[in-house]
Amino acid sequence: MLLALTGGFALSQAYRTVAAIMAPQLQAEFGLGPQALGVFAGTFHLAFGALQLLMGIGIDLYGVRRTVLVAFPLTIVGSALSAYTDRFGVLLVGQALIGIGCAPAFLVCTVFIAQRFPAARYASVSGLVLGLGGMGMLVTGTPLAWLIEMGTWRSGFVALGVLSAVAWLAIAHFVREREAPSTRVDGERSTTAATDSPQDTERESLGQALRGFASLFAMPHTWGILALATVSYAAFVSLRGLWLGPLLVDRYGFSLVASGNVAIAVSVASMISPPLFGRLDPGRATRRRWLLGGTLGCAALFVLLAPGFNAWFDVAISIAFSLLFGYGVLQYPDVRDAYPASMTGRALSLFTMALFLGVALMQWLTGAVASFAVARGWPPFTAAFATIALMLGTGAWLFARLPQPPKG
């Protein structure tokens, strides 16, 4: 069942990284500048992130299977709309529909793991799912680059729409709701009990669920968690999903297929690192120091990437960053340990919302900064990567300085 859910997550990974390979043709066909390209890439993540709260409530009230089966068909609709439109505004609508359809894709995996695996295995299983889900990014490397070169960027959306239909059918066939009776802890549904059963006799109301989410903001340590979440994953997706293709094609003259090959290498590195860091989880006592060090290390790599020393140096730094990026899997057990068991599901959905709204923010902001740089004759990639480094440093500083979770 988890493998079928991971297939949906892999498709969401593919959708969120298409911009890096489609960017040259999109820019040529629609006359897009860096800022508009950032809006295109960020629209998916804005819709994805904004729907996390609603998807979390849906999972609490109706279960993992029902939530993903209702939402995921929108990816097929959005892909078809994107593939056949000749207007940029409609293309953005397609991206928004895809983002909404993919919104529960990773959240259902994290909640499924929290419900059905012991706490001691949470980091390692989450890391494995992140690694397997990264296979979606392999699709948007050389295979998508080849498909686009043989046809157009529209062919990519058609192919992803077909794969989305296959993933939906797999989830419908293999995933089943949990049938154990529900329990409540401190007036809220416990995520350690089954929350997916159609036989649940006592469900939270929408108002109770919303109040449960609001209570997270009353806990001071939530803000540091959200500050780091907003920039950590965003840095990886902004590089792999937006800037990597334009960087290699525009800065160094790579062909689309050659840049796709580099994207494959970066994607494979990002698949290896989360399971590795998940197995190396040092535990609650020192985990936050690892998170702080990993974020600062990633910021330093973007500082090295910004000047553009030469092509292979930038490729090596991109791969090194993808290997280090896996430290982010430690954020999931950090969130789990920071809240009572009764709040785990909604805490994870709020955390996931911050991850993807952060991606939308970073992609929009780096696009705006790159456009500003171009208008003044400055190197756009230097401006974009320096901005990412600054955002990572700021997120790390807030994570360290804001209130920490209570020890226990």
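The values are calculated or read from the model by the stated rules, or taken from the named source; none is laboratory data. In this text, all values refer to a predicted model and were calculated from it rather than measured experimentally. All Cβ positions, glycine included, derive from the backbone under ideal geometry; neighbour counts span all protein chains shown. Calculation scope for accessible area: heavy atoms of the full protein, side chains included, ligands and nucleic acids excluded. Shrake-Rupley method; radii C 1.70, N 1.55, O 1.52, S 1.80 Å.
Of note:
- Contact map, the range 68-79: first residue over 10 Å from residue 157 (Cα atoms), second residue open to solvent by 30 Å² or more (accessible area, probe 1.4 Å) and β-branched (Val, Ile, Thr), Cβ cut-off under 6 Å, separation 6 or more or different chains; pairs are 74/100.
- Looking across the range 120-154, the residues that are among the small types (Gly, Ala, Ser) and touching a residue at least 40 places away in the same chain (Cβ under 8 Å) come down to 123, 124, 126, 127, 131, 133, 134, 136, 141, 145.
So that you can scan it fast, the table gives a plain yes or no per residue for (1) open to solvent by less than 30 Å² (accessible area, probe 1.4 Å); (2) closer than 28 Å to residue 173 by Cα; (3) under 16 Å from the mean Cα position of the chain (by Cα); (4) of a type in the set (Gly, Ala, Ser):
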{"position": "16", "(1), (2), (3), (4)": "yes, yes, yes, no"}
{"position": "28", "(1), (2), (3), (4)": "no, no, no, yes"}
{"position": "47", "(1), (2), (3), (4)": "yes, yes, yes, yes"}
{"position": "68", "(1), (2), (3), (4)": "yes, yes, no, no"}
{"position": "71", "(1), (2), (3), (4)": "yes, yes, no, yes"}
{"position": "81", "(1), (2), (3), (4)": "no, yes, no, no"}
{"position": "89", "(1), (2), (3), (4)": "no, no, no, yes"}
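- Hits in the range 278-298 - residues which are basic (Lys, Arg) and within 30 Å of residue 387 (Cβ to Cβ): 287, 288, 289
- Test: residue 264 is over 20 Å from the mean Cα position of the chain (by Cα) and assigned to a helix (DSSP H, G or I): no
- Residue among 279, 287 that is closer than 30 Å to residue 118 by Cα, of a type in the set (D, E, K, R) and open to solvent by 50 Å² or more (accessible area, probe 1.4 Å): 279
- Selection count, the range 314-355, where residues are in contact with a strand residue (DSSP E or B) (Cβ under 9 Å, 6 or more places away or on another chain), buried (at least 23 other Cβ atoms within 10 Å of the Cβ) and among the small types (Gly, Ala, Ser): 1
- Residue match in the range 234-252 (condition: touching a residue at least 60 places away in the same chain (Cβ under 8 Å), crowded, with 16+ Cβ neighbours inside 10 Å and not in a helix (DSSP H, G or I)): no
- Residue match in the range 49-71 (condition: in contact with a Phe, Trp or Tyr (Cβ under 6 Å, 6 or more places away or on another chain) and of a type in the set (S, T, N, Q)): no
- Subset of the range 115-132 (residues that are closer than 12 Å to residue 336 by Cβ, open to solvent by 30 Å² or more (accessible area, probe 1.4 Å) and part of a helix (DSSP H, G or I)): 119, 120, 121
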